[in-house]
Every structure is written in structure tokens, then in C-alpha cells.
Amino acid sequence: MNDQEKIHHLCKELIPLMDDVDHFTKDILMDHIQECRTCQQSYAKINEFSENFSSPKVQEEVEIPPLKKLAQFNTGLKILLIGIRVVILFYLIFSSLKFSDGMSLSETTIQHLEAGIFLFYFPAAIFLTVFSFIFFNKKWSFFSLCLDILVITMTTVFLRWLFI
């Protein structure tokens, strides 16, 4: 086997790896490809294959819209969680007013409201916060937690400031 046949044989082996070989080796391969008809055909086939399959055609990325029913269900759950909190608070406020004289708030009424918040709102707030942590994103859970802490700590302070 002479040098030309050795180069031809190595060229046939290295054409698929053309991008990975050293620059000097690549120059030798390209010189041989220009001289040899068989290697030119192999090189053309490899280039055609790599052009067709290596770079996929770039298509415009279409944003996948969220499932409409799931988004509506998610919004409905958020409204339900807010509604449960509001209903519990209104129930506690109006049941506390039932034991007072009319629409005025006294210290006893506010203490009754504090007890109701601790007995009814606090467990519901824990459940609803855990529920929102599981089913909603972290931002909504943090908002829910902050709202519950604000309601539990500041409702009676606000009512004392407002009415007494």
C-alpha cells in the first residue's frame, strides 16, 4: 500500500469527523478530497446529511395558552379562599354585635371577637394557607399568609381604635 492509498483510506474514515479533527489534518483531508472523486462524493453526502439534519428549521415559537378551564378553576379557588375568610370575619363581627347593645362596640364585644378569631378564624387561616401553599404559587401563598397574620393581629386593634 503506497502513501496515496493510505491517505485515501484514512480520508474515507475521517470525512464524517471532519469538524473534530486538527486544522493541519483537515487541510490534508481537503487537499485529498479535491483530488479524489470518490472522497468528493463521500464528502458531499456527509455535508448534505449534516445540513439536512443537524440544524433543525427554526419555527416561530407559539406560546401555548394555558388550559382555559384550569385557569378558570384556579381563579375560582382563589375567589373561594378569599370569600371563606370574609364570611368568617363577618360572622364573627356580627355574632359579637349580637351580644352587645345595638351597633356600638364595647370592650366585651371586642374581647368576644378576639376569642372568635382565635377559635374560628385562626384554624381556618392555617388550613387555607396550607391549601394555597399546595395548590398555588409561592407569591399567592405569601400573600395569603401575610393577610391572615394581619387579620389575626390587627383586627381587634383596629376596632378598638375605631370605636373606643
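Here are the numbers:
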read-out	value
Straight-distance crosslink candidates among lysines, where the alpha carbon sits under 19 Å from LYS12 and sequence neighbours closer than 8 are dropped	LYS26, LYS45
Quotient of Cα Rg and 2.2 N^0.38 Å for the stretch 68-163, N being how many residues it contains	1.23
Stretch in the chain that is longest and holds no GluC sites (Glu not before Pro) that DSSP places in a loop and that have at most 14 other beta carbons within 10 Å	64-164
Anisotropy class of the stretch 3-53 from Cα gyration tensor, a/c 1.5 cut	oblate
In degrees, nearest ten, helix 37-53 long axis to first principal axis of the chain (Cα)	10
Cysteines in the chain lacking a second Cys C-beta under 4.7 Å	CYS11, CYS146
For the chain: relative contact order, % (alpha-carbon pairs under 8 angstrom, 6 or more apart)	16
Check: the stretch 3-53 dipole with +1 on Lys, Arg Cβ and -1 on Asp, Glu Cβ, in debye	200
Helix axis angle, 3-14 relative to the chain longest principal axis, alpha carbon, degrees	20
Charge dipole (debye, nearest 20) of the chain; +1 at Cβ of Lys and Arg, -1 at Cβ of Asp and Glu	1360
Whole-Hz couplings from phi, Karplus 6.51/-1.76/1.60, listed for the stretch 81-92; x for Gly and Pro	5, 5, x, 4, 4, 5, 4, 4, 5, 5, 4, 5
Sequence of LYS78, LYS98 once ranked by neighbouring C-beta atoms within 10 Å, starting from the fewest	LYS98, LYS78
With Cα atoms, 0 to 90° folded angle of helix 107-116 axis to the chain main axis	40
Listed candidates [x] 1, 7, 9, 10, 11, 10, 10, 8, 7, 5, 4, 4, 3, 3, 2, 2, 1, 1, 0, 0; [y] 2, 7, 15, 17, 15, 13, 11, 8, 6, 4, 2, 1, 0, 0; [z] 1, 7, 11, 11, 8, 5, 4, 4, 3, 3, 3, 4, 5, 5, 5, 5, 4, 4, 3, 3, 1, 1, 0, 0 - label of the one calculated as P(r) over Cα pairs in 5 Å bins from 0, in percent	[z]
Ellipticity estimate at 222 nm from DSSP helix runs (n ≥ 4, -39,500 (n - 2.57)) divided over the chain, nearest 500	-25500 deg cm²/dmol
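Where a number appears in this text, it was derived from the coordinates with a stated rule and is not lab data. What you are looking at is a predicted structure, and each value in this text was computed from that prediction instead of being measured. Heads up, the Cβs are rebuilt from the backbone with ideal geometry, glycines too, and the neighbour counts pull from every protein chain shown.
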